[in-house]
Amino acid sequence: MTPVIANILMDKELAHKKEIADSQAALLNVLDDQKRDSEKILKKKAVDEAILASIGDGLVVVDKEGKITYVNQSFEKMLGWSSKEVLGKRIVAVVPREDEKGEVVPFNERILNRVLRGEVVVADLTNPFYYIRKDKTRFPSSSIVNSIVLDGEIIGVVETFRDITKEKEIDKAKTEFVSLASHQLRTPLSTINWYTEMLLTGDVGKLNAEQEKYLNEVYRGNQRMVGLVNALLSVSRMDLGTFIFEPEPTDIPLLVRSVLDEQMPHIIQKGITVFPALGTNIPLIQVDPKLLRMVVQNLLSNAIKYTPEKGKIEISLTLTNQKKCLLFTITDTGYGIPKNQQHKIFQKLFRADNVREKDTEGTGLGLYIAKAIIDNSGGKIWFESPSSNYVEGEENTGTTFYVELPCKLLEKNK
Ligand code: ADP
């Protein structure tokens, strides 16, 4: 071998060794990076777990099939299940959900499943519901659900939920207070009513014109107060579940006619024309007549209040659904209900923007009470009002309220 060839071979060997050393160094670097990355991941995981564990709310993660992939410590504590027992199981089987009456909410209607299907429902705070623990006891809860999205596809959801037993107790105590206070207020208000009536009828001497005018104001003010106190009492009884329903066979056309007669002075005062079509052959219906009267009174007085002078009101009573139901409708040519507020109309104390200034005496309690009465009587109440969103000056599109009641006694009373 010539020295030149020997040199070339040595250079090659050196280059080869260097190559090996370089690739070993690169490999070590990659391993180092990987070690650092996995340390980072482990650290992040530990932090995430500590965060999730420190959350006082229960937290559960489910995959696309509704199977549980993660629960935090609060979930375990609140529901009595350990994480090992529930991982991989369907949430619907592990944590059933019930409504106020104890009916199980079907999985399809659960907010969690609705979010999985792509609906954008996030908070479920207004609808009270109950979660059932492992030991079959239950607690009231409210929850927030968010979807987990990867590449634009929903791959699961995270639900956090809270035990709202305390909030419910406080709410109940407040309602009991309102109930007690309004009950106590009724006696002095009746006394004012009684003595004012005596003074106005001249039982204790003749009043001069000014005295009579002022006393009439006192009387009207007191009547409003009685109305408000009675509404508050009804609402608190509804909320406490102590409202008493005493259904009996009731002649509804007669009831509607008598409410109409009672409110005729207001109708005449506003120059409103009423078209009643109270049907013939309407059977007696099993409802509480006093409560149904409250509903009809409220719907008619609203139609009068929220319709400008010279407007029209149509009232009808018909049998529907192959005579299985009675439908009461009341249509006015009034201010209408703004579209963007229609979903709140049956809520307690809600009044739409377009009527607040026109009628300052409303309370926003009437429809809440009406809905509770109709729901409890096995019926349905709803409305249609083609109003667009509230724009000053754009109104008078009218409203129709519908009340449907089951005619259970139809055959018997024919
Ligand atoms: P109130 O009449 O005392 O305000 P209600 O509970 O009876 O309370 O009604 C709630 C709200 O629903 C009203 O304030 C009004 O905004 C709307 N509303 C009810 N009936 C009608 C109607 N016939 N036309 C227009 N708005 C109505």
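Brief remarks on what is shown
- With respect to the conditions (1) closer than 28 Å to Gly271 by Cβ; (2) near the ligand (Cβ under 9 Å from one of its atoms), Lys344 falls short on a single one, namely (1).
- Strands (runs of 3 or more DSSP E) enclosed by segment 208-315 - at least 2 residues per element that are over 30 Å from Lys168 (Cα atoms) and more than 30 Å from the chain's Cα centre (by Cα): 248-250, 273-277
- Qualifying residue in segment 268-288 (condition: surrounded by 20 or more Cβ atoms within 10 Å (Cβ to Cβ), in contact with a helix residue (DSSP H, G or I) (Cβ under 8 Å, 6 or more places away or on another chain), at pLDDT 95 or above and farther than 22 Å from Lys371 by Cα): yes
- Count of segment 84-111 residues which are β-branched (Val, Ile, Thr) and part of a strand (DSSP E or B): 1
- The test for being under 30 Å from Val61 (Cβ atoms) and out of contact with any Phe, Trp or Tyr (no Cβ under 9 Å at 6 or more places or on another chain) holds for Gly152.
- Considered as a group, the residues in segment 321-341 that are in a loop (DSSP other than H, G, I, E, B) and more than 8 Å from the ligand (Cβ to nearest atom) include one that is surrounded by the most Cβ atoms within 10 Å (Cβ to Cβ), and that residue is Pro338.
- Here Phe350 meets the list (1) within 9 Å of the ligand (Cβ to nearest atom); (2) in contact with a Ser or Thr (Cβ under 7 Å, 6 or more places away or on another chain); (3) not basic (Lys, Arg) almost entirely, failing just condition (2).
- Residue check for Pro265: exposed (fewer than 12 other Cβ atoms within 10 Å of the Cβ) and either assigned by TED's automatic domain parsing to the domain that holds Leu292 or touching a strand residue (DSSP E or B) at 6+ places or on another chain (Cβ under 7 Å) (or both): yes
- The set of residues in segment 356-378 that are among the basic types (Lys, Arg), touching a residue at least 24 places away in the same chain (Cβ under 8 Å) and not in a loop (DSSP other than H, G, I, E, B) contains only Lys371.
- Any hit, segment 174-187, residues being closer than 30 Å to Glu49 by Cβ, at pLDDT below 95 and basic (Lys, Arg): no
- Residues in segment 355-414 that are modelled with pLDDT under 70 and hydroxyl-bearing (Ser, Thr, Tyr): Ser387, Ser388, Tyr390.
The values are calculated or read from the model by the stated rules, or taken from the named source; none is laboratory data. The structure presented is a predicted model; accordingly, all values stated were derived computationally and were not measured. Ideal geometry is used to build each Cβ from the backbone, glycine not excepted, and the neighbour counts take in all protein chains shown.
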